[in-house]
Amino acid sequence: MPSFERTIQVSWRHQVHFTHGVFNPANPVLRDVLVGGGGATRRKALVVLDEALAKSQPGLEKTIADYFATHGDALELVRSPIIIEGGERVKNSYFQVSEIHSQIDRFHIDRHAYLLCVGGGALLDMVGLAATTAHRGIRHVRIPTTTLSQDDSGVGVKNGINAFGKKNFIGTFSPPFAVINDFQLLATLSARDKRAGYVEAVKVACIRDAEFFNTIERDAEALAEFEPAAMQRLIYRCAELHLNHIATSGDPFEFGSARPLDFGHWAAHKLEQLSEYKIRHGEAVAIGIALDVLYAKKIGLLDRASAERVMVLLERLGFDLFAAELLHTDSDGNLMVLSGLIEFREHLGGELTITLLETIGRGVEVHEMNLPKVVEAIHLLQERHALRTRKIVAVAG
């Protein structure tokens with residue numbers, strides 16, 4: 001019997017804008033983005049707002065409403081912003097996705113209207129899933145409000161929630177209609193949340209751009225003090241490198257077995273789960289990178305000096321490189337973090353593919369991990385952390 005086969009090519013426009021005061025009525029960026037999508041005379045929009053951000057910036061809901069009212073000739077805010085808790089807990093059930101679906105249905109948000117999300121990475125993931133599954137995909141605009149989401153997750157093309165004890169088990173690949181990074185939205189973040197996004201910049205610099213790594217080293221003191229200009233340089237370049245990868249890697253939707261931009265993430269995802277998400281994503285990635293750097297050194301892939309540069313930079317930026325969860329064991333006495341390797345492979349299928357560091361600026365893919373040497377690297381992290389803690393206590397005393 002005959003069969004037919006055709007190659008279907010789909011092109012996506014992925015736009016990332018940088019601005020200050022996105023909801024200032026005099027700022028045209030948001031209006032231009034929404035109007036630029038064409039369609040109806042007035043563009044309808046539904047807005048989801050991170051609860052913690054709304055509390056830290058009490059006038060933000062009104063500011064958003066005023067922005068749409070000022071541009072009422074072109075934009076229509078269909079209701080006041082929907083306030084939803086951010087953080088990883090929002091990804092642990094399907095309830096919030098369904099709630100957003102109900103609002104999309106109630107206010108007739110169609111494929112020429114917009115669903116905006118103003119929040120951190122976890123909320124963006126969940127709202128993105130709602131956007132890509134309503135009407136088989138409606139226009140989604142991300143306005144990331146954390147360092148981590150502005151330089152990494154918010155720029156990506158992934159949406160998802162957790163299920164069956166696994167991170168991002170339910171999800172989609174779909175580029176947002178647009179991403180708008182507003183540096184002013186970072187102002188009220190805690191030091192912990194400001195710092196969290198730095199690690200993704202270190203990650204992508206390690207595997208893609210040695211000069212960017214050098215820049216982060218030079219800016220480390222300013223970054224540790226959260227100096228705005230240094231933070232903006234880091235966010236801009238990190239976002240650019242992530243966008244370049246998505247556009248030019250040849251596998252933006254991860255049809256293969258590799259996730260090169262997930263350097264350090266196999267352990268990080270498991271640490272988040274083992275800590276019941278008390279360890280934030282950026283903190284877990286810092287530990288995961290440190291673990292993989294020490295492992296690469298132990299197997300002779302990475303030289304000692306380069307490994308030390310990465311470790312010292314992470315510490316200068318304020319990250320702890322060890323967590324007790326690394327030593328948690330199951331009923332058989334096996335380190336539970338090691339099951340992260342199995343889950344990492346299962347997420348994509350195919351053979352295990354882990355990105356390790358060969359030299360600063362260049363990553364390399366390996367397809368097996370020597371578990372005894374991984375365990376040795378974990379204990380080296382523990383020893384380093386204990387020594388560093390003693391030094392800090394001695395200095396403080």
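So the values come out like this:
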{"read-out": "Options Val179, Val199; residue that is among the aliphatic types (A, V, I, L, M), touching a strand residue (DSSP E or B) at 6+ places or on another chain (Cβ under 8 Å) and at pLDDT 95 or above", "value": "Val179"}
{"read-out": "Residue that is β-branched (Val, Ile, Thr) and farther than 25 Å from Ala307 by Cβ, where the choices are Ile354, Ile342", "value": "Ile342"}
{"read-out": "Test: residue in the range 369-390 that is more than 21 Å from Ala323 (Cβ to Cβ) and in contact with a strand residue (DSSP E or B) (Cβ under 9 Å, 6 or more places away or on another chain)", "value": "no"}
{"read-out": "Odd one out for Ala69, checked against (1) at pLDDT 95 or above; (2) hydrophobic (A, V, I, L, M, F, W, C); (3) surrounded by 14 or more Cβ atoms within 10 Å (Cβ to Cβ)", "value": "(3)"}
{"read-out": "From the options Arg142, Arg111, residue that is over 27 Å from Gln273 (Cβ atoms) and charged (D, E, K, R)", "value": "Arg111"}
{"read-out": "Single match in Ile342, Ile354 (criterion: of a type in the set (Val, Ile, Thr) and within 19 Å of Lys203 (Cβ to Cβ))", "value": "Ile354"}
{"read-out": "Condition check for Gln15: in contact with a strand residue (DSSP E or B) (Cβ under 6 Å, 6 or more places away or on another chain) and surrounded by fewer than 16 Cβ atoms within 10 Å (Cβ to Cβ)", "value": "yes"}
{"read-out": "Hits in the range 313-329 (condition: touching a residue at least 12 places away in the same chain (Cβ under 8 Å) and assigned to a helix (DSSP H, G or I))", "value": "Leu313, Leu314, Glu315, Arg316, Glu325, Leu326, Leu327"}
{"read-out": "Considering residues of the range 39-61 that are outside any helix (DSSP H, G or I) and without any contact (Cβ under 8 Å) to a residue 60 or more places away in the chain only, the residue farthest from the chain's Cα centre (by Cα)", "value": "Thr41"}
{"read-out": "Helices (runs of 4 or more DSSP H) contained in the range 76-194 and holding at least 2 residues closer than 21 Å to Ser56 by Cβ, free of Cβ contacts under 8 Å to residues at least 60 places away in the same chain and out of contact with any Leu (no Cβ under 7 Å at 6 or more places or on another chain)", "value": "121-133"}
{"read-out": "Some residue of the range 132-140 being of a type outside the set (Gly, Ala, Ser), closer than 19 Å to Asp32 by Cα, surrounded by fewer than 24 Cβ atoms within 10 Å (Cβ to Cβ) and modelled with pLDDT of 95 or more", "value": "yes"}
{"read-out": "Thr389 vs. criteria out of contact with any Lys or Arg (no Cβ under 6 Å at 6 or more places or on another chain), modelled with pLDDT under 95 and crowded, with 17+ Cβ neighbours inside 10 Å", "value": "no"}
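Every residue, every condition in (1) of a type in the set (A, V, I, L, M, F, W, C); (2) outside any helix (DSSP H, G or I); (3) free of Cβ contacts under 8 Å to residues at least 60 places away in the same chain, yes or no:
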| residue | (1), (2), (3) |
| --- | --- |
| Ser339 | no, no, no |
| Val374 | yes, no, no |
| Leu380 | yes, no, no |
| Glu383 | no, no, yes |
| Leu387 | yes, no, yes |
| Val395 | yes, no, yes |
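The values are calculated or read from the model by the stated rules, or taken from the named source; none is laboratory data. In this text the structure is predicted, and so the values were computed from the model without any measurement. Cβ: placed from backbone, ideal geometry, glycine included. Neighbour counts: every protein chain shown.
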